[in-house]
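Participant: Here's a structure for you.
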Amino acid sequence: MQNNTFSGLFVGQNLVSLTEVDSTNNFLKQSLANSTPLIEGTVIMAESQYAGRGQRQNQWHSQPGKNLTFSILLKPTFLPLNRQFNLNVAISVGIIKAIEKVLGPNAKIKWPNDIYFGSNKLGGVLIENMVQGSQIKNAIVGIGINVNQTIFEDGAANAISVKQILHKDYELKALLAEICNEVEVAYLMLRSENFEPLQAFYLQKLYWLNELRPFAANGITFNGIIKDVNPNGLLCIETNNELIQYNFKEIEFLNKPTPK
């Protein structure tokens, strides 16, 4: 049974639906810059994003009306700057828990926060923190999930959608409500300093965890094993009996094994 209700306390209770926008993250940032009063948990949802962005400044291509493209406004003023990756963990956990209700246990988190199903990309997250002094004043959480799109551009060769997995359309608002509800649960756990279960679940769901896989760093390809993600969000990979930590832009996941 599909849940089409926002049952949480605040995430999604103020829902703004747009027909078209450059990106929902940009819309939220502009609204805040214009001093528009927005409550925490406000969700901006767009039928069409013509300049959606993913990580590494990649564009997020989405057919109008087929997918979920939305942003959530959060105010994690309780979170120290040196623990901002914890928000990334909470958001990723909330999304995966919602996706699991629809698709079962094969959903994974590709570090730092891409959403995968098997070896295919189902969605992604882009969190933009607005810092004031030593505090995160606002966090704009952009989320894109492939739902009913079945044809993707060549640049998204490994993309997959909910419809391709279930072989039927899925109601966008139902999945939006499920994600918002689960994100709120995870966010409230983070706020109440109950972070350990979130961290454990994030690690349990990590794509390629404890598997010998090919990577590239500094122009060199190598085989390594993902062992952990440290508190600052660095990926810990074991190679040649050495544990090396990588920042987001320092490591690339490769599709083909490297020669031994």
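The values are calculated or read from the model by the stated rules, or taken from the named source; none is laboratory data. Note that the structure is predicted; figures quoted are calculated from it, not measured. Neighbour counts are summed over all protein chains in view; Cβ atoms, including those assigned to glycine, are modelled from backbone coordinates with ideal geometry. Please note that ligands, DNA and RNA were not included when accessible areas were found on the heavy atoms of the full protein model with its side chains. Shrake-Rupley method; radii C 1.70, N 1.55, O 1.52, S 1.80 Å.
Participant: Considering only residues that are open to solvent by less than 80 Å² (accessible area, probe 1.4 Å) and within 25 Å of Asn86 (Cβ to Cβ), which ones fall in segment 230-246?
Facilitator: Asn230, Pro231, Gly233, Leu234, Leu235, Cys236, Ile237, Glu238, Ile244, Tyr246
Participant: Is at least one residue of segment 170-184 more than 30 Å from Asn67 (Cα to Cα) and basic (Lys, Arg)?
Facilitator: no
Participant: Still on this structure, I have one more. Could you identify the single residue in Lys205, Lys249 that is within 30 Å of Thr150 (Cβ to Cβ) and under 22 Å from the mean Cα position of the chain (by Cα)?
Facilitator: Details: Lys249 fails: within 30 Å of Thr150 (Cβ to Cβ).
Checking each option against the conditions leaves just Lys205.
Participant: Restricting the search to segment 66-107, which residues are within 19 Å of Ile226 (Cβ to Cβ) and under 11 Å from the mean Cα position of the chain (by Cα)?
Facilitator: Asn88, Val89, Ser92, Val93, Ile96
Participant: Can I ask one more? Consider Pro112 against the criteria (1) more than 16 Å from Ser71 (Cβ to Cβ); (2) not in a loop (DSSP other than H, G, I, E, B): it satisfies all of them except one. Which criterion is unmet?
Facilitator: Pro112 satisfies every listed condition except (2).
Participant: I'd like to verify a number: residues in segment 209-229 that are open to solvent by 20 Å² or more (accessible area, probe 1.4 Å) and under 23 Å from Ala186 (Cα atoms), how many?
Facilitator: Qualifying residue count, segment 209-229: 2.
Participant: Condition test on Lys101, is it farther than 20 Å from Ile44 by Cα, basic (Lys, Arg) and either buried (at least 18 other Cβ atoms within 10 Å of the Cβ) or in contact with a His (Cβ under 6 Å, 6 or more places away or on another chain) (or both)?
Facilitator: No: the conditions fail for Lys101.
Participant: Return a yes/no flag: does segment 193-211 have any residue that is at pLDDT 95 or above and part of a strand (DSSP E or B). Let's see the steps before the verdict.
Facilitator: In the first step, residues of segment 193-211 are kept if they are at pLDDT 95 or above; the result is 193-211.
Checking which are part of a strand (DSSP E or B) leaves us with 206, 209.
Checking segment 193-211: at least one residue is at pLDDT 95 or above and part of a strand (DSSP E or B).
Participant: I need the full set of residues from segment 231-246 which are modelled with pLDDT of 95 or more and closer than 27 Å to Phe201 by Cβ, in order please.
Facilitator: Gly233, Leu234, Leu235, Cys236, Ile237, Glu238, Thr239, Leu243, Ile244, Gln245, Tyr246
Participant: Within segment 22-66, track down each residue that is part of a loop (DSSP other than H, G, I, E, B), modelled with pLDDT of 95 or more and buried (at least 17 other Cβ atoms within 10 Å of the Cβ).
Facilitator: Result: Glu40, Gly41, Thr42.
Participant: Now, a different point. Go over the candidates Thr150, Thr69, Thr77 one by one and state the one that is touching a strand residue (DSSP E or B) at 6+ places or on another chain (Cβ under 9 Å), hydroxyl-bearing (Ser, Thr, Tyr) and open to solvent by 10 Å² or more (accessible area, probe 1.4 Å).
Facilitator: Just a single option satisfies the conditions, and that option is Thr77.
Participant: Under 6 Å by Cβ, and 6 or more places apart or on different chains, what pairs join a residue from segment 144-157 that is farther than 21 Å from Ser92 by Cα and modelled with pLDDT under 95 with one that is open to solvent by 10 Å² or more (accessible area, probe 1.4 Å) and among the small types (Gly, Ala, Ser)?
Facilitator: Once the first residue is farther than 21 Å from Ser92 by Cα and modelled with pLDDT under 95 and sits in segment 144-157, its partners that are open to solvent by 10 Å² or more (accessible area, probe 1.4 Å) and among the small types (Gly, Ala, Ser) give Phe152/Ala159.
Participant: Could I ask something else about it? Scan segment 104-116 for residues that are open to solvent by less than 20 Å² (accessible area, probe 1.4 Å), within 21 Å of Tyr246 (Cβ to Cβ) and either without any contact (Cβ under 8 Å) to a residue 60 or more places away in the chain or touching a strand residue (DSSP E or B) at 6+ places or on another chain (Cβ under 7 Å) (or both) and report the count.
Facilitator: Looking only at that region, the number is 5.
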